[in-house]
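Enquirer: This structure is in C-alpha cells; I'll ask about it shortly.
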Amino acid sequence: MSSNETILNSFRSGPDEEGAFGHFGGRFVAETLMPLILELEEAYETAKKDEEYAFELNDLAKHYAGRPSPLYFAPRLTEHFANLSTVGGGAKIYFKRDELNHTGSHKINNTLGQILLARRMGKKRIIAETGAGQHGVATATVAARFNMECVVYMGATDIERQAPNVFRMKLLGATVIPVTAGTGTLKDAMNEALRDWVANVDNTFYLIGTAAGPHPYPAMVRDFQSVIGNEVREQIMEAEGRLPDSLVACIGGGSNAIGLFHPFLDDKGVEIYGVEAAGKGVETGEHAASLNGGKPGVLHGNRTYLLQDDEGQITDAYSISAGLDYPGIGPEHSWLKEQGRVNYVAVTDNEALDAFQLCTKLEGIIPALEPAHALAFVEKLAPTLPKDHLLVMNMCGRGDKDVFAVAGYLGVEL
Amino acid sequence: MIETRIDRRFAALKNEGRAAFVSFITAGDPDLQTSLQLMKKLPEAGTDVIELGMPFSDPMADGPAIQLSSQRALNAGHTMAKTLEMVREFRKGDNETPIILMGYYNPIYVYPADKFLADALAAGVDGLIIVDLPPETDTELCLPARDVGINFIRLATPTTDEKRLPAVLKNASGFLYYVSIAGITGTATPDPHVVHKAVAAIKQSTDMPVAVGFGVKTRQQVSDIARGADGVVVGSAIVSMIADSLDGKGAATSETVERPLALVKELSGGVFDILEG
Ligand SMILES: Cc1ncc(COP(=O)(O)O)c(C=O)c1O
C-alpha cells in the first residue's frame, strides 16, 4: 500500500518569497512590525545555513528536551479498535511520543529553535502568547535556560482553566499578563503580544507558538517541528520496514500537525488527517474548527481560514481544549486543504473526553486533551482499515495539565 | 491619480499657512445615530479632515480606548454597510471635508474588496488607511483603490528607516501618516522635537503632506507638532470623551455629542497658533 513514489509537483516547496502558500499566508502586519519580520526572516535564513546553529539546536534537542521521542506501538488500543471493527480490520496504532519531551509537549521543539535565533539577533526580552499554557511553559523554560526576560500573554479565561501551567510559568521566572480583552482566550493573547511587540521593537523577540502569524513564522515553526515527522520516517522504517499508511494529528494553530505531516507530503501513499476541535458540534457554532466551519480571511499577519461572521468580524472559538481554542489555523494547512492533500476532520468535546479516558485505561498514557482529539478520530478511522495498515498518531502532549479540568467535566471533586 | 478632496484640502491649508486638524472617531460608537450626529458637527468644531474608524473585533494596532470604542460599535450592531451609510448621510450636507476610512483589512476582504471600493467611492470616501496592509501587499487594495480614485494613505513609523521609506512612499497618495511613536494608539506621548526631525527627513523624499498621529492628547501637543507637520491627528482622546459621557449601561447621553465636540474645539485651536507666531 505504501510507496516511496514522490509527486513531481511538490507539496513541500512552499512558501514563496512573499511567504505565500498559494494565496494563503503572506505578511499582513502594521508598518512598525514590517522591518522586524524582514529582519527575522533574514536572521532565520542565515541561521538555517549555519552548521553551528544546527549543532547547538540538535544538542539541546537531545540533552535538554530528550529527543528523539519514541515511536510506540500501542497494543491494547490496536486490539480494541480491531474488536470494534465490523469488517475484521483495525490498523496497527503507533504513537509518536512527543508528550515525553521536556515540558510535556511538542512546543519545546519550536521554542528551542526560536530562542537560539533570538540570542543570535541580540534580543534580550522574549514575549509569547499562550492558550493551554504549554507554549507559555515551553517559552518560559528556554528563557530561564538562556537567562532572558520573559513575558507571557494569556487570556483570562485560559488562566482560570490552566492554573497549574500559570504557576509553572511563574516558577520559571516569567511574568504572566492576563488578557481580558475580547473573550480572554488565545486570539486575544496574540493581539496583546503583537501590541507589546509594536511598543518594544528594539529589544524584544516575539516567540510565536504555532505555525501561524506573518511570514516567516509559519515556515520557521514548521521547520522546527518537522523533527517529529523526520524521526517518524526513520523509526517506522526501523519498526516496520516501510512508511506509514496514514498520519493523524490534532490541530490548534497547526504546528504539531505540520511537523508530523510535512516530511510525508510528497509520499503519495501516505494518507494524512488533521483533526480540528468541533467543540459542542460544528453545527452548533460553538467550535474551533476553522477549516471545517470557517472561511478565508486575514488575521494575525496571514491569510488563512478563520472563524468569522458575514461582516468579517472574528468570532470566538470554543473547545474543551484550551490549546485548540483558536479561530484561525496556520496558512499552510489552508493551502493543503484546498489542494486536497490533507483531510481535515473534526471531533467534539465529548468524543475527545472519551478518548482521553480510553487511552489512559488501555495504554497507561494520560494524553493532553489536544491529542485526545486526534485519538477520538483514530477511533472512528481505525476500525474501517485493514489490519496491516500502519497508522501513526502524534501524541503531542501529556494530560497532567488537564486532569483538574477533566475531573470537573466528569463531575469529580478533587 | 486624479485630485481628491484630500489633495484640495491640504493645498488650501498650505495657502493658509497652517496644518490640518484631523479627528478620528469610530463609526457607530456608541450607536449609529449618535455617531452620525457627532460626525456631522466635527467640521464646525474645527476638524479639517475626518478619519472614520471601521470597527473590527481584533484591532491589533490600537490601545484600550479605541479597542473599547470598536467594541461599543459592534455591540450596537454596527456593520460596514452602516459605516458607508454614515458617509453618504454626511455628504448630503458637506461635500468638501475629506473622509478617510481607517481600519483593518478583513472586513474589507470579505465584503469583498472590489465591491467595497465601488461602494466607498459612491458614498463619498476619499481615502483609506488600512493598518495591516503594508507596501508588500499593494496588489490587495492599494493599487485597486488608486485606480478608482481613492487615496491609499500609508503609515510611516519610527522603524521605517531610509532603506524602507521609498517602498512606503511608492504607491502612497493623499498624504503620509507619520506614526509618532513605536507603539499602539493612545499610549505613549510623542516628543515634538523627535517628530519634527523625522517629518523633515521624510519631506526630503516626498512632496506629499505629512500628518502626525498616535498619542496626541493636549492642545499644547497639537500646537507643538503642528509647527513641524502638515497635519495633526487626534483619536483616542476624542474617543475617550465618548466613553466618559455614556450612562451606566453604556448608552449615549445628552453629553455624548457635546463633550467630544468641545474637546475638538479646544484641541483644534492648536493648529492656528503658528499663525499668531
Ligand atoms: C499538547 C498540545 N497539542 C496541541 C496544541 C495545539 O497547537 P498546534 O496545533 O500548534 O500543535 C497545543 C497548544 O497549546 C498543545 O498544548
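Enquirer: If a residue has to be under 18 Å from the mean Cα position of the chain (by Cα), within 8 Å of another protein chain (Cβ to nearest Cβ) and open to solvent by 10 Å² or more (accessible area, probe 1.4 Å) to count, how many in the stretch A:292-302 make the cut?
Expert: 0
Enquirer: Kindly indicate which of A:TYR344, A:TYR305 is within 14 Å of another protein chain (Cβ to nearest Cβ) and open to solvent by 10 Å² or more (accessible area, probe 1.4 Å).
Expert: Result of the check over A:TYR344, A:TYR305: A:TYR305.
Enquirer: While we're on this one: May I ask you to list pairs of residues, at least six apart or on different chains, whose Cβ atoms are under 6 Å apart, with the first in the stretch B:183-203 being more than 13 Å from chain A (Cβ to nearest Cβ) and the second being acidic (Asp, Glu)?
Expert: B:PRO192/B:ASP224
Enquirer: Just need a number here: residues in the stretch B:163-182 that are more than 11 Å from chain A (Cβ to nearest Cβ) and not hydrophobic (A, V, I, L, M, F, W, C).
Expert: Of the residues in that region, 6 qualify.
To keep it simple, each residue is scored yes or no on (1) under 19 Å from A:ILE272 (Cα atoms); (2) more than 18 Å from the chain's Cα centre (by Cα); (3) of a type outside the set (Lys, Arg); (4) part of a helix (DSSP H, G or I).
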| site | (1), (2), (3), (4) |
| --- | --- |
| A:GLY328 | no, no, yes, no |
| A:SER334 | yes, no, yes, yes |
| A:LYS337 | yes, no, no, yes |
| A:ARG341 | yes, yes, no, no |
| A:ASN350 | no, yes, yes, yes |
| A:LEU353 | no, yes, yes, yes |
| A:LEU362 | no, yes, yes, yes |
| A:ALA374 | yes, no, yes, yes |
| A:LEU381 | yes, yes, yes, yes |
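Enquirer: Look through B:ASP126, B:ASP132, B:ASP48 and report the one residue that is within 14 Å of another protein chain (Cβ to nearest Cβ), under 23 Å from B:VAL212 (Cα atoms) and under 17 Å from the mean Cα position of the chain (by Cα).
Expert: After ruling out the rest, the residue left standing is B:ASP132.
Enquirer: Out of curiosity, is A:ARG161 away from the ligand (no atom under 16 Å from the Cβ), farther than 13 Å from A:ILE208 by Cα and either within 14 Å of chain B (Cβ to nearest Cβ) or open to solvent by 30 Å² or more (accessible area, probe 1.4 Å) (or both)?
Expert: Criteria not met by A:ARG161.
Enquirer: Looking at A:GLU18 and the list (1) open to solvent by less than 50 Å² (accessible area, probe 1.4 Å); (2) within 14 Å of another protein chain (Cβ to nearest Cβ), which single condition is not satisfied?
Expert: Result: A:GLU18 passes all but (1).
Enquirer: Identify the residue in the stretch A:21-35 that is open to solvent by 10 Å² or more (accessible area, probe 1.4 Å) and more than 7 Å from chain B (Cβ to nearest Cβ) and, among all such residues, is farthest from B:THR160 (Cα to Cα).
Expert: Out of the qualifying residues, it is A:GLY22.
Enquirer: For the stretch B:248-277, enumerate the residues that are among the acidic types (Asp, Glu) and open to solvent by less than 60 Å² (accessible area, probe 1.4 Å).
Expert: B:ASP273
Enquirer: Right, something else. Go over the candidates A:GLY293, A:GLY301, A:GLY297 one by one and state the one that is in contact with a His (Cβ under 7 Å, 6 or more places away or on another chain), at pLDDT 95 or above and away from the ligand (no atom under 15 Å from the Cβ).
Expert: A:GLY293
Enquirer: Determine which single condition A:THR183 fails, assuming it passes every other condition in (1) part of a loop (DSSP other than H, G, I, E, B); (2) more than 14 Å from the ligand (Cβ to nearest atom); (3) within 22 Å of the chain's Cα centre (by Cα); (4) away from chain B (no Cβ under 14 Å).
Expert: (4)
Enquirer: Restricting attention to the stretch A:36-50, which residues are in contact (Cβ under 8 Å) with a residue 12 or more places away in the chain and within 14 Å of chain B (Cβ to nearest Cβ)?
Expert: Result: A:LEU36, A:ILE37, A:GLU39, A:LEU40, A:GLU41.
Enquirer: Which members of the stretch B:108-136 meet the condition of being under 19 Å from A:LEU194 (Cβ atoms) and touching a strand residue (DSSP E or B) at 6+ places or on another chain (Cβ under 6 Å)?
Expert: Matches in the stretch B:108-136: B:TYR109, B:ILE129, B:ASP132, B:GLU136.
Enquirer: When you scan the stretch B:181-237, how many residues do you find that are among the acidic types (Asp, Glu) and in contact with a Pro (Cβ under 9 Å, 6 or more places away or on another chain)?
Expert: Result for the stretch B:181-237: 2.
Enquirer: Please indicate, with yes or no, whether at least one residue in the stretch A:376-391 is within 13 Å of the ligand (Cβ to nearest atom), in contact with a helix residue (DSSP H, G or I) (Cβ under 7 Å, 6 or more places away or on another chain) and open to solvent by less than 70 Å² (accessible area, probe 1.4 Å).
Expert: no
Enquirer: Now, a different point. Does the stretch A:229-262 hold any residues that are open to solvent by less than 10 Å² (accessible area, probe 1.4 Å) and away from the ligand (no atom under 16 Å from the Cβ), and which are they?
Expert: Those that are open to solvent by less than 10 Å² (accessible area, probe 1.4 Å) and away from the ligand (no atom under 16 Å from the Cβ): A:ILE236, A:LEU243, A:PRO244, A:ASP245, A:SER246.
Enquirer: Just one of the numbered conditions (1) within 16 Å of the ligand (Cβ to nearest atom); (2) farther than 30 Å from B:GLU140 by Cα is not true of A:VAL270; which one?
Expert: Answer for A:VAL270: the failing condition is (1).
Enquirer: Look through A:GLY90, A:GLY66, A:GLY104 and report the one residue that is within 16 Å of the ligand (Cβ to nearest atom) and either open to solvent by less than 10 Å² (accessible area, probe 1.4 Å) or modelled with pLDDT under 95 (or both).
Expert: None of the others qualify; the one that does is A:GLY104.
Enquirer: Restricting the search to the stretch A:318-339, which residues are within 14 Å of the ligand (Cβ to nearest atom) and under 24 Å from A:PRO263 (Cα atoms)?
Expert: Of everything in the stretch A:318-339, those that are within 14 Å of the ligand (Cβ to nearest atom) and under 24 Å from A:PRO263 (Cα atoms) turn out to be A:GLY323, A:LEU324, A:GLY328, A:ILE329, A:GLY330, A:PRO331, A:GLU332, A:HIS333, A:SER334, A:LEU336.
Enquirer: Could you list all residues from the stretch B:135-162 that are part of a loop (DSSP other than H, G, I, E, B), more than 11 Å from chain A (Cβ to nearest Cβ) and open to solvent by less than 20 Å² (accessible area, probe 1.4 Å)?
Expert: The answer is B:ASP138, B:GLY149, B:ILE150, B:ILE153.
Enquirer: Continuing with the same structure: Kindly provide the set of residues from the stretch A:308-333 that are polar (S, T, N, Q) and within 14 Å of another protein chain (Cβ to nearest Cβ), ordered by number.
Expert: A:GLN308, A:GLN313, A:THR315
Enquirer: Out of all the residues in the stretch A:164-194, which are within 19 Å of A:HIS102 (Cα to Cα) and open to solvent by less than 30 Å² (accessible area, probe 1.4 Å)?
Expert: Scanning the stretch A:164-194 gives A:ASN165, A:VAL166, A:MET169, A:ALA174.
The values are calculated or read from the model by the stated rules, or taken from the named source; none is laboratory data. This structure is a prediction, so every number in the text was calculated from the model and none was measured. In this analysis, Cβ positions are derived from the backbone assuming ideal geometry, glycine residues included, and neighbour counts consider all displayed protein chains. With ligands, DNA and RNA removed, areas are computed over all heavy atoms of the protein, side chains included. Shrake-Rupley method; radii C 1.70, N 1.55, O 1.52, S 1.80 Å.
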